[in-house]
Amino acid sequence: MPVWIRPSMLVQIVGVVAVALVAGFGLRFALTGSDQHGAPVPAAAVSPTAGFSATALAGRTIVLDPGHNGGNSRAGAIINRPVPAGGFDKECDTVGAETDGGYPEHAFTFDLTQRAAAILRSRGARVVLTRPDDAGVGPCVDERARIGNSAGAAAVVSIHADGGPAEGRGFHVIAPALSPDRANAAILAPSSRLAATLRSAFGRATGQPLADYLGKEGMTIRSDLGGLNLSRVPKVFLECGNMRNRADAAEITDPAWRARAASGLADGVTAFLLVEGSPSSPPR
Ligand SMILES: [Zn+2]
């Protein structure tokens, strides 16, 4: 007797297979991230497509939001001005963190964003960045959220690295809580799923431990971030590590580690989108 598969079941099956593929590739990265002598593998050794077809994410729009900007430190009057943040006002943007050696967060986030964007584009996605270079000012947090909303993004990731206590190590993902103006209720559930998928894929690709100095199991839920409060599409923050921690800083400043981090970021977003179902917006 033939077994009939309903379209809805097919979507689920495709999703499960996609997650298994991502998990498998994550494991392969973990196993091949360094050779037997411990030397880092050059970025070029990591395939940008990682087994996904050039149309795997066709029709999907992804917004990547590299935190801060290279010109912020010279533009206090602009970045300190209050902007709407979802029921309260908050400063437009901040300068961001840096390692003890002086590698700034804005440079790290821009580098990682470009690497992840290239991978996601190689899988057919339309990728929009919230800033075109690392020499400008802002944009403000409300504008960053607006870019995701008006792009009709299926997923938005704000990319950061923390400036926490020196003894604290590891990465974490920030998912939205209900904002004070209660206007982001519709994105809480899908954003939570995006956070979980991203946490798994990023940890697998990098070997980076979950943050041991805040949150719970590499996750925090916050209602004080304008970028999450003002989003009307699924969105999370990825805090890739603690720039003030010696071990995390050694990774963040290593281009080969950043290549693995970009793979983890891209794989997490890819797995989320393939499981969430059909495209939410056509490419424009
Ligand atoms: Zn930041």
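Roughly to the nearest percent, how much of the accessible area of region 209-261 is carbon and sulfur, given a 1.4 Å probe? Summing carbon and sulfur atoms, their accessible area is 52 percent of the total for region 209-261. Maximal additional length on extending the T55-D212 stretch stands at 52.7 nm, based on 0.36 nm per residue less the C-alpha distance. Charged side chains reduced to their Cβ positions (Lys and Arg at +1, Asp and Glu at -1) give region 192-284 a dipole of some 220 debye around its Cα centre.
In this simple spin-label model, placing a label point 7 Å from the Cα along the Cα-to-Cβ direction at both R246 and R222 gives a separation of 2.7 nm. Each Cα pair of region 80-176 feeds into the Kirkwood radius, which the Stokes-Einstein equation turns, at 10 °C and 1.306 mPa s, into a diffusion coefficient of 104 µm²/s. Put a dot 7 Å past the Cα of A118, heading toward its Cβ, do the same for D133, and the two dots end up 1.9 nm apart. With both labels modelled 7 Å from their Cα along Cα-to-Cβ, the S150 to A186 distance reads 1.8 nm. Computed on the Cα trace of region 210-255, the radius of gyration divided by the Kirkwood hydrodynamic radius gives Rg/Rh = 1.05. Computed from the Cβ-Cβ distance with R0 of 30 Å, the FRET efficiency linking A75 to R232 stands at 0.60. Overall dimensions of region 138-243, expressed as equivalent-ellipsoid semi-axes from the Cα gyration tensor (√(5λ), whole Å, largest first), are 23, 14, 13. Residues whose amide H falls under 5 Å from that of G164, counting only those 5 or more places apart or on a different chain, are M243, R244, with hydrogens built in the peptide plane.
The values are calculated or read from the model by the stated rules, or taken from the named source; none is laboratory data. In this text the structure is predicted, and so the values were computed from the model without any measurement. In this analysis, Cβ positions are derived from the backbone assuming ideal geometry, glycine residues included, and neighbour counts consider all displayed protein chains. These area figures cover heavy atoms from the full protein model, side chains too; ligands, DNA and RNA do not enter into them. Shrake-Rupley method; radii C 1.70, N 1.55, O 1.52, S 1.80 Å.
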